[in-house]
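Reading through the structure tokens given below for one structure.
Derivation of every value follows stated rules applied to the coordinates shown; laboratory data play no part. Just so it is clear, the structure is predicted and the values come from calculations on it, not from any experiment. Cβ coordinates were reconstructed from backbone atoms using ideal geometry, including for glycine residues, and neighbour counts include every protein chain displayed.
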Amino acid sequence: MIGKNADLNEFNDALQIWVNNHTHVLLLDQITLEVETIYRDSFNESVYCFVERTAKEKFIVSDDGRSLFKLDPSASDVDLIATIGDIAIASEFNFNLQNGVISAKADRENLIDTIMRLAQLQVNISYLN
């Protein structure tokens, strides 16, 4: 039974191990991390987030423009670009019309949550194809 404390603790431990084994982080440069998340998009490809340190405890989390690029490499579909922008903004992210980057500011307290929310947003956007 999963309701017992011992079973719940065992489940939590197994979940933590699984997430750790399926999340990969690569240091790209002195201030940027590439995070391969546990999520897969509609193309069955891993979803990546990029974390750039902007100050001691401040970060920008972005998709580096990959969401738009996967759906429209030439960035020529004005309606798709507008839709992605609307979805990003409604999800409390920023959207740069010039380069298609979806991003949000984060601090140490909400960094992981921001990464996970952006990864899920990328999955959702990938189904616009």
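Couple of notes before you dig in:
- Binning all Cα-Cα separations of the chain at 5 Å, short to long from zero, yields these whole-percent fractions: 2, 10, 18, 20, 17, 13, 9, 5, 3, 1, 1, 0.
- For the stretch 48-54, the Karplus equation 6.51 cos²θ - 1.76 cosθ + 1.60, evaluated at θ = phi - 60°, returns couplings of 10, 10, 10, 10, 10, 6, 10 Hz by residue, with Gly and Pro reported as x.
- Segments 103-111, 10-18, 117-125 sorted - mean Cβ within 10 Å per residue, highest first: 117-125, 103-111, 10-18
- Under Karplus coefficients 6.51, -1.76 and 1.60, residue-wise ³J(HN,Hα) of the stretch 8-20 in Hz, glycine/proline x: 5, 5, 5, 4, 4, 5, 5, 5, 4, 5, 4, 4, 4
- Note, ³J(HN,Hα) from phi for the stretch 67-79, Karplus 6.51, -1.76, 1.60, rounded to Hz, x at Gly and Pro: 4, 5, 4, 4, 8, 8, x, 8, 6, 10, 8, 4, 5
- Each peptide in 47-58, 20-31, 76-87 receives the mean, over its residues, of other Cβ atoms within 10 Å, and ordering these scores from highest gives 47-58, 76-87, 20-31.
- Helical mean residue ellipticity (222 nm; -39500 (n - 2.57) per DSSP H run of 4+; nearest 500) of the chain: -13000 deg cm²/dmol
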